[in-house]
1. Using Cα centres only, tell me the gap between segment 331-379 and segment 29-51 in whole Å.
2. Kindly identify segment 141-221 as rounded, prolate or oblate by the Cα gyration tensor criterion: order the square roots of the eigenvalues as a ≥ b ≥ c, call it rounded if a/c is under 1.5, otherwise compare a/b with b/c, prolate if a/b is larger, else oblate.
3. Too long at a 26 Å Cα-Cα cut-off: which of Lys89/Lys300; Lys300/Lys372; Lys89/Lys213?
4. Specify whether the C-alpha gyration tensor of segment 230-345 places it in the rounded, prolate or oblate class, a ≥ b ≥ c being the square roots of the eigenvalues: rounded for a/c under 1.5, otherwise prolate if a/b is larger than b/c and oblate if not.
5. Could you order peptides 354-364, 101-111 by the average number of other Cβ atoms within 10 Å of their residues, highest first?
6. Tell me what the chain gives for mean residue ellipticity at 222 nm when only DSSP H runs of n ≥ 4 count, each as -39,500 (n - 2.57), the sum divided by the residue total, rounded to 500 deg cm²/dmol.
7. Just need the relative contact order of the chain here, percent rounded to a whole number, with Cα pairs under 8 Å and 6+ apart.
8. Rounded to the nearest 20 Debye, what is the dipole magnitude of the chain about its Cα centre when Lys and Arg each give +1 and Asp and Glu each give -1 at the C-beta?
Amino acid sequence: MFTWFPASPHCSIFHNVNPVNLKVLKSFSVYVFTMFFTAGVSFATFSLLTRHLNQFDYGIINLYNSTSILLVAFISCGVQFVLNVDYFKLPPEQYRKRFSNSIVIPVGIFLLLTVGFLVFNYPIRKLIKGDFFFTAVLPLTCLLILVNDIVLGLIRNREQHFLFAGYSIIKSIIEVSLAVLFIVFLGWEWEGRIASSFITLIVACSIAFLLFKRWGFLTRDISIAEIKPVFKYGLPFIPERLAVFFMFYSDRFFIDYYEGTDDVGLYSAGAQIAVILNLICHSLNSTFYPYFYKRLAKDKPDYAGLRKGVLAFGGIASATMLILIVATPFIFKYFVGSHFRPGQKYAIYLIIGFFFWAVYNMLLPFLLHNKKNKQIMAISIAGMFLSIGLNFYNVKHFGALGATYTSIIVFGTMSVLTLFAVHRIYNLKDIFLGRNSNDA
């Protein structure tokens, strides 16, 4: 992970730092350190996998993980977002009731999906290339992923920053340790990686259960009247999560269908490098979104400040893109197994695609501030259908490289559409010149 802080304390973005801002920066630094550590562990695990597993194994791992992203969208039903928002809106006693009733929804969906995965185990196994056991427990894996997301969100809301760091770091250490044990010492193949994640999630969610109990969030006061509004509020998050799946993860299934699981493994190795830019984008969002909102909220938008923020955000994203492109051959030569090196070409194109995703994220606060939720949803849905259509054509005609073309076109289109939407509200000349168009 990467984040940006100005070298000089007189830089206008963080000028006049008061004790409150210092507290925010201190807590943010804990999160950044945690993200750096977990990202480093993730990369070390990736490097290990490419030296002890083949392309087919790595392809299965990515098909399995991509399927879990799809299922989490349905199992969660937006419950994690509801619980995060309601934590600050409801009094403690009412929130305890809301929490317990909300958890009923994903548990119920998990049970239904488990029955479905047992009945249709064989065709699902053919799709994700897994075995009976790991296919059968996939809904449980997704439920555990959701619980992990919920506990992390609540820890952040409670401002227990060091608990967040400890929980995340210990979880990462357990997962990589088990992966090394299963793959390197016991000689397991793709099963070793999936088993390490599954066992780690069980341990992490056991800790989460103890935290929920300690915080007093678990009650037996369950009622349909409480469950219905949560279910209704959370439903719109399902298409939003589906859009993310189709734009970021569905390409693996197109590649598997047209080219084979080996190519999924090579493609995913390239994507592992490109995703670094996406992680940096998340860090930039955390740093600059409050900065943008503050300057947009003034009676007259602070265009000079907005210009500095846009140039800083865009400049860091551009520099990161160039650094990653230059570093990719070095990374594949020294840190990636030799049989995965053909994946280097995919990394370069995907890095370019993720740069356009960063541009889209840079412009998003301007629409969010003006509550243009329908426009944002329309752009996301357009990106989703464009991704599906282009992958059908590109992967069929250009192989796995076609999926990288799709990423560039989809994210490039979304950034351009967002640019036009922002221009209709704020003259882009005002933003990029840092002054009102009427000024001299």
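Every number here is computed from the coordinates shown, using simple stated rules; none is lab data. Values in this document were obtained by computation on a predicted structure and should not be read as measured data. Glycine gets a Cβ as well: all are built from the backbone with ideal geometry, and neighbour counts include every protein chain shown.
1. 19
2. Details: a/c = 3.18, a/b = 1.98, b/c = 1.61.
Judged from the Cα gyration tensor, segment 141-221 comes out prolate (a/c at least 1.5, a/b above b/c).
3. Lys89/Lys300
4. Oblate is the answer for segment 230-345, as a/c is 1.5 or above yet b/c matches or exceeds a/b.
5. 354-364, 101-111
6. Computed mean residue ellipticity for the chain: -27500 deg cm²/dmol.
7. Computed value for the chain: 22 percent relative contact order.
8. Computed charge dipole of the chain: roughly 1140 debye.
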